[in-house]
Each structure stands twice: as C-alpha cells, then as structure tokens.
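Q: There's a structure below that I have some questions on.
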Amino acid sequence: MAKLSSLLDYYYESMYADLKVLENERLRIIAKLKKAIYVLIILGMSFCFFLIQGKFLIPLHAFLLSSMVAFLIYMFIYRHEIAGYKSLFKDNIIEKVIHFIDPSLVYDKEHSILESEYQQSGIFSQNYDKFSGSDLVSGVINGVKTRFSTLHVEEKRKDKDGKEHWYTHFQGLFFIVDFNKDFKSKTFIFPDFAERSLGVLGSWMQSLNTSKGELIKLDNSEFEKFFVVYGDDQIESRYILSHTLMEKIINFKNKNKKNLSLSFVNSKMYLCVDYNKELFEPILTKSLLKFSQIKEYFELLSMIIGIVDEFKLGDKIWSKR
Amino acid sequence: MQTFLIVAGIIGLVIVLMYNALISKKNQVDNIFAGVDAVLKKRYDLLPSIISSLQEYMIHEKTTLEKITQLRSQAMQSGLDNEAKMKLDNQFSQMLGGLMVSVENYPTLKANENFLHLQHTLNELEEQISAARRAYNQSVTDYHNAIEMFPTNMMASLMHLEHKMLFTIIQSERQNVDVKNLFQK
C-alpha cells in the first residue's frame, strides 16, 4: 500500500494543478454566496418592511416569514452552486487519493452499498424510512473481494407533541469483505454498553436478548470489555473469532476510537464504523491547497482500505483457496 | 395460611428455576462436547491418509507414527467417556504437534502435493478443534459457576452434580494453531 511519505510527491505531481483550479472554483463560490447573503438580507428586509407597512402581518410574523423566505432562497443557491463543486472535489481529491493508495480499486461517487446488502448483514434490525449513501469503493485487496461506502440510515419518529424528527440508526462507513473462512451460522458483534455500565446485571440482561442468537462469552477479557457477541453456533462463532482476530479488532478499535459493529453472515464479514459526520464531502471554508487537508483524507482512506491487511483477511485457509 | 401458600409458591418456583438452570447448563456442556467429538472424529478420520504419506518419508519417526496410530485406535473405540476422550485428545495433539515439527527434516515430504493438501486440511481442522475446545471450556466454566455459587450450589449438591474436566489449552494454541507455519519455518 502507498506510504504517506510518497503522498507529498504525488500531491505536487498529479494533484496540485487540478487542485488550483478547484480552489479557484471554491473561492468563486464563497464570493458568490457572500454576495447572495448581502442581497438576500436587503431583499428580506425590504420584504419585511413591505409586509409591516401594508399591515399584512404583525412585525414579528413579518420578520419570521421574510427570514424564512430568504433562508430558503439561500439554501437553493447554495445547493445549486455546491453540486458541481462537490462532484469535481470527489473526482479530483477522493478518487485520486484512492487510486494513489491502490490503483486497482474502482470508485463510484454516486452509488453506495445496496440496501439489500445492508439488510443481509443483520446488524440493524430496526425499521427505517430513509436509506442514503455514496462513495462506493470496490475491488480486490490482497486477493480479497472488498466493497465499502458511506451510509446514512434514518427513521422518521414522532415525539410526545406529535412533532416529526429524523432519528439516525447508522451513519458512517459500511464495509463488506469476503471472509477467509467458510461458515454457515451467523455471528454478531456489537459495542458492549450494558455490561460496562451495569456489570453482571448487564451481562445477565444481554443473555436474555435472543433476537440475534445466543450470547457468546469469549475467552478474551479485553474483547469482552468492549463487545458483546451473539451467534447461533457456539463453536462456529469461536471458529470465526480466533484469538488473533479478536486482538486485531481490539487494536482497530483502540486506534480509531470509533464504535464498531460487525457481523459474519454467508461467509462474509460486515463492518460498520460509526461517524457522526459526512466523510468524503467538501468543506467550503477550508482551503484545498493545504497539504494537511489531503493528508487527512489519505489517512482516513488508508485506514479503511487497510482493514483487509489489519484483520489479516488475505491469509486464507485451505477451504477458501 | 394464605401467606404461607404464597411463600411456599415462591420457594417452589425458585427451586424449579434453579433446577432448570442447572440442567440447562449441564446439557449445554454435553451438547458442545458432542460438537467437539465430531471435529475430533474428523481429525482421526484424516489421520490414516497423513500417516501413509508420512510413512514413505519419515523412516526415523517410525515409533512415533506407530504410537499415534495406536492412540487413534484407542480414541476410535466405542464406549469411551468424555474424560477418556479428552485425555486421549491431549496426548494425540501433543504427539501430532511434535511429528509435524519433525517434518522439517524431510524437504522432499514438504514438496509433496498430496501431503501439502493433507497438511492444509489438518490446519483447518485444528482451527475447528481449537474453537470447539474453547466453546466447551466456556460452557464448563458456566456450569462450574452455577454449581459452586450460592444458592444454586445447594441444589447442585442435592442433584449430585459434579465438576467436569476442562480441556488444557496449550500456549501455542492460544496463539492460534497454524500447522502451515510449522512447515514454513
């Protein structure tokens, strides 16, 4: 895999010229948005003044209405302006960084992991109303078929007052990889909140939850501290979760400080890494010509693409050769 | 009288729950042992092929090969109890491990396609056996906790439930059995 040390050369040789063009575009959009803000403030104030003078609305309502109209127009302009920039950003930065790390990988900015794949993982069993995602990367890493993308899965809920709001079930990175062992059963690994906060009582409560199979107690105390495991075959779950793999998962969690959920279904490993932000989206306020920006994307993508190596999934056993 | 009946009912319910919990843990141990037994049998079934490939090359290890074959015959006998099977497995694993290390001294054997195939199958079986042993030991630990902890220990002693033997997990197995690596050293 490509090293950070050679990224600087690649940055100046293959990216800098395009980034300059993109940076000019970013500055143009910022200038345009600033201009739009000034114009909308003036128009909004005039509209508000008109509503008050014409006695159509009381001052407070007139102010709220004109602010809302101005805000909606601004959002329309913002979305219109950023759409093209976003696409260029992904072509010139995200795709190039991915190809720098591994040229064989295929990047598709529009698509994501399929809804059916999300459901097959069995990690999330709650109903949802909105499924969205982007930045699908697929390919073969060290002989292992791999796919990942960002996902955002939400459910529309009503609170006590009947107000609707969106509740996020999952936002982050969804990773699917062919596992290096064959298995027929299902195994699920979730972050362990109950046992950590309630101790033995939490563990007892976990054993009552049989929706994902039996509780699997593992012989690695550190792993047990972080995760709770369910499965429908005590032996096969341990066949999948060897001591080595448990250690790799702990290391990955400690290194990235993110909540992880995993499942092993149909000889595939599904990994969800929680991020409560958009991962590969442009930030208009940050300059693209700063190397640190590109480095951040490189480190994130290297971490994701490195999962196959990190978990040693390329070391296939006999039945999978 | 009513209070007495309620208390007696609660005591009766607790006794039933404790009894069922102990029986369920005991059965869990037996169920998982059946899984261990199945993978151990697979390994014993594979052994004649491995021995016949090794016999051609490993002239100096004749005694070890004979001992392993003898252990296999003992393990395949019907009517063995779980403890006897575990003891035999322990001896068998140690001898087989030692034999695999000595394969290093036979470069022609290491190049044999048929043997390589058997070696990889054995490697996979060792992974499955390791997982089965871990599952068994965990179920025995849960069972031991139940028969030793208050108040289920009282019920367990009335039911004459006894401790069960654990598999000894050797250190190399903790690091994951990998027969392949033994050959590649």
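The values are calculated or read from the model by the stated rules, or taken from the named source; none is laboratory data. Computed from a prediction, not measured in an experiment: that's the story for all the values here. All Cβ positions, glycine included, derive from the backbone under ideal geometry; neighbour counts span all protein chains shown. Just the protein is used for accessible areas: all its heavy atoms, side chains included, with ligands, DNA and RNA removed. Shrake-Rupley method; radii C 1.70, N 1.55, O 1.52, S 1.80 Å.
Q: Say the cut-off is 19 Å between C-alpha atoms; which of A:K253/A:K312; B:K41/B:K110; B:K42/B:K62; A:K217/A:K268; A:K212/A:K257; A:K156/A:K212 go over it?
A: Details: A:K253/A:K312 15 Å; B:K41/B:K110 25 Å; B:K42/B:K62 23 Å; A:K217/A:K268 22 Å; A:K212/A:K257 25 Å; A:K156/A:K212 24 Å.
Exceeds cut-off: B:K41/B:K110; B:K42/B:K62; A:K217/A:K268; A:K212/A:K257; A:K156/A:K212.
Q: As a test of reading the structure, rank B:H117, B:H160, A:H99 by solvent-accessible area (1.4 Å probe, protein chains only), most first.
A: Working: B:H117 80, B:H160 150, A:H99 60 Å².
If we order B:H117, B:H160, A:H99 from most to least accessible, we get B:H160, B:H117, A:H99.
Q: Right, another one. Compute, for A:E110, the solvent-accessible surface of its heavy atoms (probe 1.4 Å) with the complete set of protein chains present, and express it in square angstrom to the nearest 10.
A: Solvent-accessible area, nearest 10 Å²: 130 Å².
Q: Take the alpha-carbon positions of segment A:206-321, form their convex hull, and give its projected area averaged over all directions (one quarter of the hull surface) in nm².
A: Values: hull surface 38.2 nm².
Hull-based average projected area comes out at 9.6 nm².
Q: In whole angstrom, note down how far apart the Cα centers of segment A:177-253 and segment A:55-96 are.
A: Answer, in whole Å: 45.
Q: Sticking with this one: Once neighbouring chains are kept in place and the probe is 1.4 Å, which whole percent of the accessible area of the protein assembly as shown is contributed by carbon and sulfur? Intermediate values should be presented prior to the final figure.
A: Details: 15480 of 27030 Å².
C and S fraction of accessible area: 57 percent.
Q: Also, quick follow-up: Please report, in debye to the nearest 20, how large the charge dipole of chain B is about its Cα centre when each Lys and Arg carries +1 at its beta carbon and each Asp and Glu carries -1 there.
A: Values: 17 positive and 19 negative charges, 19 e Å.
The calculated dipole for chain B is roughly 100 debye.
Q: Return a whole-number percent for the relative contact order of chain B, with Cα pairs under 8 Å and 6 or more residues apart as the contact set.
A: On the way: 127 pairs, mean separation 60.3, N = 185.
The value is 33 percent.
Q: Sticking with this structure for a sec: Among A:L262, A:L245, A:L198, whose mean-square fluctuation peaks in a Gaussian network model of chain A (Cα, cutoff 10 Å)?
A: A:L198
Q: Enter the angle in degrees (range 0 to 90, nearest 10) between the Cα long axis of helix B:62-76 and the first principal axis of the Cα atoms of chain B, meaning the one along which they spread out most.
A: That helix lies at roughly 30 degrees to the long axis.
Q: Let me ask something else about it. In Å, what Rg and Dmax follow from the Cα atoms of segment A:187-266?
A: Cα-based Rg and Dmax for segment A:187-266 come out at 11.9, 33 Å.
Q: Rounded to the nearest 100 Å², what's the accessible area chains A and B bury against each other, both chains counted, probe 1.4 Å?
A: Values: alone 17680 and 11130 Å², together 27030 Å².
It comes to approximately 1800 Å² buried between A and B.
Q: Kindly identify segment B:2-184 as rounded, prolate or oblate by the Cα gyration tensor criterion: order the square roots of the eigenvalues as a ≥ b ≥ c, call it rounded if a/c is under 1.5, otherwise compare a/b with b/c, prolate if a/b is larger, else oblate.
A: Numbers: a/c = 3.84, a/b = 3.13, b/c = 1.23.
It comes out prolate by the Cα gyration axes.
Q: Give me a comma-separated list of calculated 3J(HN,Hα) values for segment A:281-294, in order, Karplus coefficients 6.51, -1.76, 1.60 applied at θ = phi - 60°, integers in Hz, x for any Gly or Pro.
A: Taking θ as phi minus 60°, the curve returns 9, x, 10, 4, 7, 9, 5, 7, 8, 8, 4, 4, 4, 5 Hz for segment A:281-294.
Q: Where in segment A:188-241 are there chymotrypsin sites (Phe, Trp or Tyr not before Pro) that are in a DSSP coil and have at most 15 other Cβ atoms within 10 angstrom of their Cβ? Spell out each step's value before the answer.
A: Values: sites: A:F188, A:F193, A:W204, A:F223, A:F226, A:F227, A:Y230, A:Y239; in loops: A:F193.
Passing both the DSSP loop test and the Cβ count: A:F193.
Q: Find the relative contact order for chain A and round it to a whole percent, using C-alpha pairs within less than 8 Å whose residues are 6+ positions apart. Before the final figure, lay out each step's value.
A: Numbers: 457 pairs, mean separation 59.0, N = 321.
Here the relative contact order equals 18 percent.
Q: Just need the relative contact order of segment A:187-266 here, percent rounded to a whole number, with Cα pairs under 8 Å and 6+ apart. It would help to have the intermediate numbers written out before the result.
A: On the way: 93 pairs, mean separation 31.6, N = 80.
Result for segment A:187-266 is 39 percent.
Q: On average, how much accessible surface per residue is there in the protein assembly as shown, in Å², for a 1.4 Å probe, leaving out ligands, DNA and RNA?
A: 53 Å²
Q: Here's another thing I want to ask about it. Quick one: how many Å² of B:T64 are accessible to a 1.4 Å probe, rounded to 10?
A: 40 Å²
Q: Roughly how much of A:D233 is accessible, in Å² to the nearest 10, using a 1.4 Å probe?
A: Probe radius 1.4 Å; accessible area of A:D233 about 60 Å².
Q: For A:S263, A:S67, give the ranking by accessible area with the largest first, probe 1.4 Å. Walk me through the intermediate numbers first.
A: Numbers: A:S263 0, A:S67 50 Å².
These residues rank, largest area first, as A:S67, A:S263.
Q: While we're on this one: In segment A:30-104, which chymotrypsin sites (Phe, Trp or Tyr not before Pro) fall in coil by DSSP and have 12 or fewer other Cβ atoms within 10 Å? Spell out each step's value before the answer.
A: Numbers: sites: A:Y38, A:F47, A:F49, A:F50, A:F56, A:F63, A:F71, A:Y74, A:F76, A:Y78, A:Y85, A:F89, A:F100; in loops: A:F56.
Qualifying residues, ordered by number: A:F56.
Q: Next up: Note down the magnitude of the dipole of segment A:187-266 about its Cα centre, charges +1 on Lys and Arg C-beta and -1 on Asp and Glu C-beta and zero elsewhere, to the nearest 20 debye. Please report the intermediate quantities before stating the final value.
A: On the way: 10 positive and 10 negative charges, 95 e Å.
I would put it at about 460 debye.
Q: Report the convex hull volume per residue for the protein assembly as shown, counting only C-alpha atoms, in Å³.
A: Hull volume normalised by residue count: 200 Å³.
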